Every structure is written in structure tokens, then in C-alpha cells.
1. Which of the aspartates and glutamates could a cross-linker span from Lys253 if the Cα-Cα distance has to be under 13 Å and same-chain partners fewer than 8 positions apart are dropped?
2. Tell me the label-point distance for the pair Phe275, Lys68, using the 7 Å Cα-to-Cβ offset, in nm and rounded to one decimal.
3. Between Ala413 and Ser540, what's the calculated FRET efficiency when r is the beta-carbon distance and R0 is 45 Å? Round to 0.05.
4. Highest first, please rank the peptides 237-250, 137-150 by the mean number of other Cβ atoms sitting within 10 Å of their residues.
5. Considering amide H positions built from the backbone, and no H for Pro or chain starts, which residues 5 or more places from Val206, or on another chain, come under 5 Å of its amide H?
6. Could you please state how large a percent of the accessible area of the range 1-67 is carbon and sulfur, counting protein chains only and using a 1.4 Å probe?
7. Nearest 0.05, what FRET efficiency do Ala306 and Ser122 give at R0 = 35 Å with Cβ-Cβ as r?
8. For Asn43, which sequence-distant residues (separation of 5 or more, or a different chain) have an amide H within less than 5 Å of its own amide H, given hydrogens modelled in the peptide plane?
Amino acid sequence: MASYIGLDIGTMAVRAAEVTWHGDAPQLEHFGQVALPYGAVRNGEIADVGAVGEAIQRLWSQTGFRSKKVVVGMANQRVFVRQAELPAMSEEEIRNALAFEAQEFIPIPIDDVEMDFRVIESVTGPDGEPKVRILLAAAQKDMVHNLVSAAELAGLRVLKVDLIPFALVRALSGISLQLGGGDSHAEAIVSIGAGITNVVVHEQGVPRFVRILSMGGGTVTEAIAEQLEVDMDTAEELKRYSYMRPSDPRSAKVAEIVAAQVRPLLQEIQGSLHFYSSQADAAPLARVLVAGGGSLTPGLFDQLVAQSEAPVHPALLLGSIHLGRTGLSEQDLTRSEPVMAAPLGLALAPLDGASISLLPAHFAHRPNVMASALVGGVLVLIVLVAVFADWHSKGPTLTKLRNETAQAQQQAAHYKSLIPGASALNQLTQQNQAEVATVKGVLAGDVDWVTLLGEIAQAMPADTWVTSIQLSASAATATTAPTTATTAASSTSRSSPSGSSTSGSTTSPSASSIIGKASFSVEGVNFTSAAEWMEDFSTSNFPALDGMWLAAITESTVPDQWSPNSGSSSGGSSTGGSVPSTAPSGITGAAAGASSPTGFGASAPNPDPSAQLCIIPGHCTFSFTATASITGAAASQRVNCYATAAGFAASNCPTQDVTGAGS
């Protein structure tokens, strides 16, 4: 007995029902559903084909469906259903005519949609001309392709792509006979899902009005999750059960959110039904059947009953079908009943000769994969037999080829005997590379002393004199200095009256390639000389030296005719005081030390700025010791010569002591 499977891909789950036909009613053989990752389907469209395909695979393995041929349903805002009247003609002629006339009914380019139709009835036009009334369905191609691709990814073969509103009519129209109602009355089916709500009105199983709303029970869940800052699973549980927990402090807030979100959904449903009823040829509504998981939202069904002009009933379809060995308990079946209508109606589509299918032609005509594999295997076997027969008939030729192969192997053995010589050459090459590396290491600290001394002499401030200089190269392999940048001395005390010096503390030099060290003993006029020295030999102005810093500063006075304190002739260190009226001519105003850089001197006991610094050359001494690191910028270029010629023509390179020191 043939069985058929309907696959409904919803917003929160994928569901499938397998049915067979028994007598006057279908029999449900299997039903199952598997949850989808949140966001895999949005607004009725597949956003993640891989996730949906994986969920369908799990559904098939858990439920035990016997077939992999399915009818898939779809419903969203990019699905269009329209009624149209055309001159009376055959279905083939209608199909050809729609290629030119359908654009009048579809709001997007015809080339971008999959389209099908069904003839509803024959009517007579105003002028007495016979006409046909059709129901035209269309959906955008990319959306349909994603739907079919997800099913095929799970190993299924899609027979048809149907619309969920039509499947609902197919599954629930039988309930009309149980509830009663005249033939001239219509019935509305409202299926509220998580993200999509379908409103369809039919007369004796013929759809007359379809509207698809992009809202549902999931809209309520998302609002709860957002406003209460909880995850979707928690929000769904609060939506369903919070009214049963009045002691929960969140219950009142949840009820408020549910009411606010249900209100616009009910308005859209009632507006759709009123629009249908306002049509001139609309039949009166006998009842409204409510299905879908979203219909279980607390308070929604009761409000729909209160607002509807027609009687409202839950869509209880289990009473209108036979039940096979589904493997589900009575409780499981009852719990699943609200979401069964869509997959059950899809499974009945192959038995409905008037059903619509939006399956693209290239999918419909795709060959059976297993049959193709079997035919391919037979063809491969035939080819192998032919190859064996051909080989048997060409034995002499193969013998000749075998002999030629033996000769080639002999030549290969000869060339292999030459490999030791090549190995010796390879050893020489490796030895040369090692020598090059050694020379590079030795010359890594090779300093061009003559050039460096000349550059230092030109960079010195005009008011400084170098009394001694010590330059030395580091080990042959260059080192890397610490990464902390050099700064000026952070705390340097002014010398005591005896002329003793006090050194400041510094941080380490900046990171660079260090190949040597430089030390300077310098005399100058005053602190300004030291500041200019530090500026002229900063790394940015003098890249050959890095991390210049002052190790010590000394300032003292020498005997003279006058004293800054008393104006008398006295020796010793300057201790402060103002410049007297008998001071030598040309000395006026504040001393230069009054604006010395911060960190090069501390305040003297007397705050008078005129005694802060030595201002008369020859009447005082000012000296400091500076050290710095020699960087790779001072290195010579001999390393390039030796590294290129190492082991071959090193005698052509210029000679120089590469490890000595200059002073």
C-alpha cells in the first residue's frame, strides 16, 4: 500500500506526517517533529539550509519514516495567491497564456517566480461569454530553491512544493461534515504558527481567499525575551505557564506583554475575515477553525471567540482520520494535534488531482539517484570487460612495452650511481652557507669608528667640551636592548657647596639593535648645555646613538673678586642670594637657571632665581657624564661584502679591526 509523507518546515520546528488511504479516510502511520535552531527559519523563509537539512535528517532517523519521497509546504510574505478570470480554454492554453498575462496579478517580475494554477470553476462573463476562474499561486525562485535544497540535503526527494493554506484546507475540510453547515456556507481556517499565521477561507474544499500574516506566537515569545532579558526557551516557558504560577513575580508582567502582542495579531485576523466577507460574491462564514502551535498562547483562543461573529472551534482532526501504529501515546497525539494539520494535508497532496505544485522543472525532472548509480555501475562493468578483452588481444604489444621498461630501469640505475658526487657538491654548498652565517655573526657588531667620531664632533652643542670619550663594541653577535625608552633624569640634586655631584635615575634604553657602548665626560656652561646635549643626541636626531642619558652632573664655583651673597671677594660654592650692585658689568636680570628644564636641578635653599645656575664662564665649573648605546646605524657595510664572498674571495673586502674599541 502506497504511503505519502508531508514535510512542514516551520519557524521553530520541522514536522512530518506519513499517511496511507484506508476506505473513505486517510490513516496516520507516523508523525514526528524536531526543533530547529533559533534563526534557521525567519519569516517563513529558510535562512540556514544546512541547519534545516540536519534537522530533517534527525527527524527521519528518530521517527522511522519508510519513504524518502515528500511533499514540502511553504507560506510567507513572498508567496502570492490570486483569483483570476480568463476566457474559457484548456489548461494547456491557460498555462501558455499565463506566461504573458500573469504579470497583471503578480507584483514581482514573472522571471523571478515559480508559478502554477488550478481551475476553480467555470463562470459566465457580463456579456455572456464563457470564462474560467482560476486560483493562481506564485513564489520567488530563490526561496523555493532553498526549500528543496534543504530537503535534498537530508537525502529526500521532493515530489511537490505545495502551499500551507491549501494543505490546511485538504486536512481540515472533512471536519465540516462533523460540525454541520449548509453547502452554501464558507469555512475559515486560522493556523497560528510561531512566525507565520495563515488565514484561508474555503467552500467545500475549494480555496476562495488566502492571506498570510508575518506574525504568530513567536512574536509574543520574542517580546517576553527582550523585555525580561531572558533566553528564548525561558520566554516560551513563561508564555505558556506563567498564568498557572500567580506567585511568580514575573507573571503579571508576562500577562501584560502577552496581551499587548496578541492584540495586533487578533486585529489582523479579524481584518482578514472582514475583508473576505465584504466581497460581493462571498458566502457567509459558517465557522472558524483554529489550529497551529501559536493558538495555545494563553488567552488568544478565548479572545478570538469573543471577537468573532462566526462560531470558533479548535481544529481537532484526530476524530476525522484513522490511526495506525504511530508509536505515539494518546497523550503525545493530543499534544501534537494542533500542529498536525499542515504536514497531514501536505501528505494528501498526491491524492488531490487539482493540487498546485511550485516545484521547479529542473528539480522535477531530476533522475533518481539510486537508479543512476545502478546504471553507472553496469556501464563501468561493461567498460572493464572491454578493456580486459582488448588487453588479451594485444599481448605481443605488451611484451614489447615490458622490454622497453626494463631498459629504462637500467638507465635509471646508472644515473643513481652518480648521486654520491652530487652529495659531495651538496656538502660543499652547506659548508659555504655555514661560513657565510659565521661571518655575518662576527661582523654583526662591526662599527665604522672614523665615521662615528666625525658625526659626534659635528653634532655636539657649541657650548660643550668633551674631556674624554670611550667607545666600545659589543660581542660579535648584536644584542637587543630593553624596550623601555630613555628619559631625562627624573631627580637630580644640585651639588653641595663642596662641589660633590649627584646622579639621577633613568629607565632603560629604547628597543633597537645594540652593537656597542659610548661614554662621554663633558664640560659646559650650565644646565642649558646639558639639555642641548640631550636634544642633539636624541635618537630621532642622531640614530647612531640610542638611550642617551646623564649619569652624573657636577656644578661648583671658583674664587673671584666678588660673591653673589656679599659682593666681597670670597671663594667656595654658590649658595644663593641676589646679584649685588657691584657685580661685573653685563650681568643683569635673572640668571638663566631660573628657567632650566624640570629634572636637571632642584631648588637651592634661597628661592632667589638669580643664584640658581652658574652664569659667568670662568667663575664656576659645570660638567656631566653621559652614556649611550651604539646602534646598528653606526655599523660598517663590510658585512655585505664578506657575507657574499665568504669562502671564495674574502681578500677583496676592506680590512678593519671588527672587535676593537676606539677612545
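The values are calculated or read from the model by the stated rules, or taken from the named source; none is laboratory data. Quick caveat, the model's predicted, so the values are computed rather than measured. Glycine gets a Cβ as well: all are built from the backbone with ideal geometry, and neighbour counts include every protein chain shown. Just so you know, the surface numbers come from the protein's heavy atoms only, side chains and all, with ligands and any DNA or RNA stripped out. Shrake-Rupley method; radii C 1.70, N 1.55, O 1.52, S 1.80 Å.
1. The qualifying aspartates and glutamates are Glu226, Glu229.
2. Taking the simple label geometry, Phe275 and Lys68 are separated by 4.2 nm.
3. Details: r = 68 Å, r/R0 = 1.50.
For Ala413 and Ser540, the calculated efficiency is 0.10.
4. On the way: 237-250: 13.9, 137-150: 20.4.
In descending order of packing, they fall as 137-150, 237-250.
5. Residues meeting the criterion, in which the H sits 1.01 Å from N, do not exist here.
6. Working: 1290 of 2830 Å².
Solvent-exposed carbon and sulfur of the range 1-67 make up 46 percent of the total.
7. Numbers: r = 41 Å, r/R0 = 1.16.
FRET efficiency, Ala306 to Ser122: 0.30.
8. Close amide H contacts, sequence-distant or interchain: none at all.
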